[in-house]
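Heads up, the thing below is written out as C-alpha cells.
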C-alpha cells in the first residue's frame with residue numbers, strides 16, 4: 001500500500017531500533033459499532049490525547065488496525081497528522097503494524113507518505129520494511 005505510492009527517488013533504506021508500542025483501544029475492542037457511539041457525543045474533542053503518550057483515539061485505532069473506527073474518526077475530523085509522544089503519525093503506526101487497510105484509508109485521506117518519525121527520521125515505508133511488513 002505504501003510502497004505503491006512512494007515518489008520516485010524516495011528510499012526505504014532507513015534503519016531504526018525505535019518501534020511504536022501502542023496501548024489497547026477499548027472502544028475498538030468492544031462490540032459497539034463506533035458510528036453508533038460517536039453521534040451521541042457531538043461535543044467530544046475528537047483529538048483529545050492521553051497525557052502519558054499523547055495517544056488519540058485515531059492513533060490507537062490505527063495501531064490496532066480498526067478500519068471502521070479509523071474511517072469514522074477521520075469523518076469526524078480527527079487529525080491524521082497528529083504525532084504521539086514518540087513522534088509517530090497514525091500512518092507510521094499503521095504501516096509499522098502491517099495494517100494495510102488502515103494504511104490505504106490514511107493515504108486516501110491525504111496522510112503524509114513521507115512523514116518522518118521525529119527522533120530517527122524513519123518513514124512509514126522504512127519502518128514497515130524494517131519490521132518485515134512486506135504487505136504494506
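The values are calculated or read from the model by the stated rules, or taken from the named source; none is laboratory data. Computed from a predicted model, the values in this text were never measured in an experiment. Quick reminder, even Gly has a Cβ in these numbers, built from the backbone with ideal geometry, and neighbours come from all protein chains shown.
A compact table of results
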quantity	calculated
Criterion (surrounded by 24 or more Cβ atoms within 10 Å (Cβ to Cβ) and closer than 19 Å to residue 136 by Cβ) met by exactly one of 97, 63, 57	63
Residue match in the stretch 123-135 (condition: modelled with pLDDT under 95, touching a helix residue (DSSP H, G or I) at 6+ places or on another chain (Cβ under 6 Å) and surrounded by fewer than 20 Cβ atoms within 10 Å (Cβ to Cβ))	yes
